[in-house]
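The values are calculated or read from the model by the stated rules, or taken from the named source; none is laboratory data. Because the structure is a prediction, the values reported are computed rather than measured. Neighbour counts are summed over all protein chains in view; Cβ atoms, including those assigned to glycine, are modelled from backbone coordinates with ideal geometry. Each accessible area value is taken on the protein alone, full model and side chains, heavy atoms only, with ligands, DNA and RNA left out. Shrake-Rupley method; radii C 1.70, N 1.55, O 1.52, S 1.80 Å.
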Amino acid sequence: MSDPIRVSSECREKLLILSHYLSRIAGHYEIDPENPQVIIPCEILNDDIAEPLINVFLRSPPQRHKEVIIAVDPGEAKTGFVMAADDEILYASSTTPETFRKIFQALSRYYARVILFIGNTPAAHKLLEVKPPNVVVEFLDESKLPIPHTDIKSKDDVLDALGIYLKGRALLIMKAISNNRRMYEGK
């Protein structure tokens, strides 16, 4: 079974770009201009941001999932990042800070809420000079990050972003437990 998708009608000329990335994404997708379940917006089909955004849109469409999580290892020259939804990592890579900013801004336009876990560094504050109102930012201390055990051969900045993701998820779980405890105790 495949999920029918198409590009937005304003940019049908970008169908070739979508087809190119579909061949690189795990899953069963078919382009169906008549009855798509997911419509890919024109904005995300720009070459420098297409691959990560198509991955997120197809595996966690904004029509079905209102929230996406991004964990970031900010740097001056390279930014490692992990994107996830519903406890599933959807994409991990590294790019320039400027390209990451484009990815981040695009996601914030399509998802109701973006949770951003980011290392607390000067590069992070520079990266977030413009923060949309639907973005919740958690600055995390990068010391004592969990060490992910993975078979993935990746760059250190991506592994650090994965450690930030794990630390951020643990923080969310602790906050949920704390909130439930307060509700249970009537405080």
Item to check | All positions within the stretch 11-34 that are within 18 Å of residue 52 (Cα to Cα), assigned to a helix (DSSP H, G or I) and basic (Lys, Arg) | outcome: 14
Checklist entry - Somewhere in the stretch 4-25, is a residue in contact with a Lys or Arg (Cβ under 7 Å, 6 or more places away or on another chain), open to solvent by less than 20 Å² (accessible area, probe 1.4 Å), modelled with pLDDT under 85 and more than 25 Å from residue 116 (Cβ to Cβ)? => result yes
Next on the checklist: Scan the stretch 27-37 and tell me whether some residue there is among the acidic types (Asp, Glu) and modelled with pLDDT of 85 or more.
Outcome noted: no
Item to check | Top-ranked residue in the stretch 35-46 [being open to solvent by 30 Å² or more (accessible area, probe 1.4 Å) and in a loop (DSSP other than H, G, I, E, B); ranked as nearest to residue 15 (Cα to Cα)] | outcome: 46
Next on the checklist: If I go through the stretch 114-159 residue by residue, how many of them are in contact with an Asp or Glu (Cβ under 9 Å, 6 or more places away or on another chain), modelled with pLDDT of 90 or more, open to solvent by 30 Å² or more (accessible area, probe 1.4 Å) and of a type outside the set (Ser, Thr, Tyr)?
Outcome noted: 3
Item to check | Residue pairs meeting the criteria (Cβ under 6 Å; at least 6 apart or on separate chains; first farther than 15 Å from residue 163 by Cβ and modelled with pLDDT of 95 or more, in the stretch 78-89; second assigned to a strand (DSSP E or B) and basic (Lys, Arg)) | outcome: none
Checklist entry - So which of 187, 167 ends up being of a type in the set (Lys, Arg) and modelled with pLDDT under 80? => result 187
